[in-house]
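Please treat every number below as a calculation from the coordinates, not as lab data. Given the structure is predicted, the values throughout are model-derived calculations rather than measurements. Every residue, glycine as well, gets a Cβ built from its backbone with ideal geometry; the counts of neighbours run over all protein chains shown.
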Amino acid sequence: MSISLPPEPCPPVPRRSTVRVHGQQVVIECPPWCVTAHDDAHDALLDDVVHESAPTALSVPSSSSGQEQVLIVRLVQWPFADQESDRRVSLSLEVAEDSDVVKLDASLASSVAKSMEEHAARLRKLAEVVTS
């Protein structure tokens, strides 16, 4: 009796993009999490090139529009920055604010708490990318 193992999965092919720097086409390699449309960018300098992940946000009740996206976080990297510390992957956090007070009943408060827990789990996953 022989046992056959499934084939090893192929590693993902890195996405390559072309950016224009001073009118010249430069091919760059994107990390797997990058969703930036570099092909549409016309950066003046190579160190203006930025990789960004898709944003993840917490939806909370808003007094004016039903739901508002807050605590928006994404991975970012400037791979050609002058400073090595700027070339490392980091987290970018945007905080959206609604100046009006929103009254929450028990059900809505529970729903918001659940959304916050899910957002925290996504944030921890993104943090793993930064620390690796």
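Worth a mention:
- Inter-label distance for Val27 and Ser85, nm, one decimal - labels placed 7 Å from Cα along Cα-to-Cβ: 3.5 nm
- Under a 5 Å amide H cut-off, with hydrogens placed 1.01 Å from N, Ala96 pairs with Leu71, Ile72 among residues at least 5 apart or on other chains.
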